[in-house]
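Here is the structure we will look at, set down as structure tokens.
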Amino acid sequence: DVPTITLNDGNTIPQLGFGVWQVPNDEVTEPVVTAIKTGYRSIDTAQGYDNEEGVGKAIREAGVPREQLFITSKLRTKDQGYDNALRSLDGTLQRLGLDYLDMFLIHWPVPEHDRYSDTWRAFIQAQKDGKIRSIGVSNFLPEYLDRIINDHGVKPAVNQIELHPYYQQRDVRDVHDRLGIRIESYSPLGSGAVLKDETIGEIAEKHGKEPAQIMIRWHLQQGFIVIPKSTHAERIRSNFDVFGFELDQDDMDKIAKLDRPDGKEGSDPATNNTLF
Ligand code: A2P
């Protein structure tokens, strides 16, 4: 069984989930059904991925009771603001065919729009209304976390940020620990780039495992929630087969040294991000 993490609101989330970024709506149902049949119970989508309907279809087809699943989506940037966010959440529930979300995240802070704090107030309301079990954020720098906590007195349960062996974000881990906010790693495999790393390859060979499995273990052993994405059935299965072995201290030390200043692949949270 997948270990679960208890969040600061008392809810639990499976530590390993399934991501669907860049999978088109008409292609997403099959991999999500495969993932759920493999044993994944946590699915991570977003309004900006434009595939919520296909994910909803998979949830209905997979044949696993709703209460056993943990479904996350994220609010798109153009729907930030108090009223917009509440209306937009209803659209997400409708597209997914659900009457509640397990988690909803503010996808990007977009500080120059200065609407993320008002948006956070809407999330707190929607949680009170029972439409969202856990509320969180994504791509938030520590100063933005401080702002919403100071403004409204409610901490996000998670912050979903880019994190992988080439971009280890050591400086922000302490902040999250201190605040009791769990880190969810996105692009956990470095969007594929780190998979070809020589050191990762050597560690994989030593354990008789795939490079992706080594990286997923690396996230799990540091306490991160991790959501690898794949559209290939055999990779979906092998990425889930990570509970029968452990990386040792020597492996962890070697991977720690792979961090690099130019390791970030995604957008910068401090600038206006209109991708989503
Ligand atoms: P694909 O969907 O074709 O399998 P991340 O989760 O860091 O964004 O990385 C996902 C990328 O890594 C995707 O391009 C995915 O491609 C690929 N990928 C996922 N799992 C594996 C695996 N086990 N082996 C090789 N590539 C993988």
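The values are calculated or read from the model by the stated rules, or taken from the named source; none is laboratory data. It should be emphasised that the depicted structure is a prediction, and the values quoted were computed from it without experimental measurement. Every residue, glycine as well, gets a Cβ built from its backbone with ideal geometry; the counts of neighbours run over all protein chains shown.
Structure values in brief
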| read-out | value |
| --- | --- |
| Test for G91: is it small (G, A, S) and in a loop (DSSP other than H, G, I, E, B) | no |
| Scope the stretch 17-50; condition in contact with a Ser or Thr (Cβ under 6 Å, 6 or more places away or on another chain) and free of Cβ contacts under 8 Å to residues at least 60 places away in the same chain; matching residues | T45 |
| Residue, farthest from the ligand (Cβ to nearest atom), within the stretch 217-251, restricted to residues that are part of a loop (DSSP other than H, G, I, E, B) and of a type in the set (D, E, K, R) | D248 |
| Residue within the stretch 112-131 that is part of a helix (DSSP H, G or I), farther than 17 Å from G91 by Cβ and modelled with pLDDT under 95 present | yes |
| Filtered residues of the stretch 185-213 (kept if near the ligand (Cβ under 7 Å from one of its atoms) and either loosely packed, with under 14 Cβ neighbours inside 10 Å or without any contact (Cβ under 8 Å) to a residue 12 or more places away in the chain (or both)) | G192 |
| Matching residues in the stretch 52-70 - criterion: being touching a strand residue (DSSP E or B) at 6+ places or on another chain (Cβ under 8 Å) and part of a loop (DSSP other than H, G, I, E, B) | L69 |
| Index of the failed condition, S238 passing every other in (1) polar (S, T, N, Q); (2) within 18 Å of the chain's Cα centre (by Cα); (3) at pLDDT 95 or above | (2) |
| Among (1) more than 10 Å from the ligand (Cβ to nearest atom); (2) among the basic types (K, R); (3) within 18 Å of the chain's Cα centre (by Cα) - the single one K254 does not satisfy | (3) |
| Candidate set: the stretch 147-182, residues that are within 15 Å of the ligand (Cβ to nearest atom) and assigned to a strand (DSSP E or B); chosen: the one farthest from N8 (Cα to Cα) | Y167 |
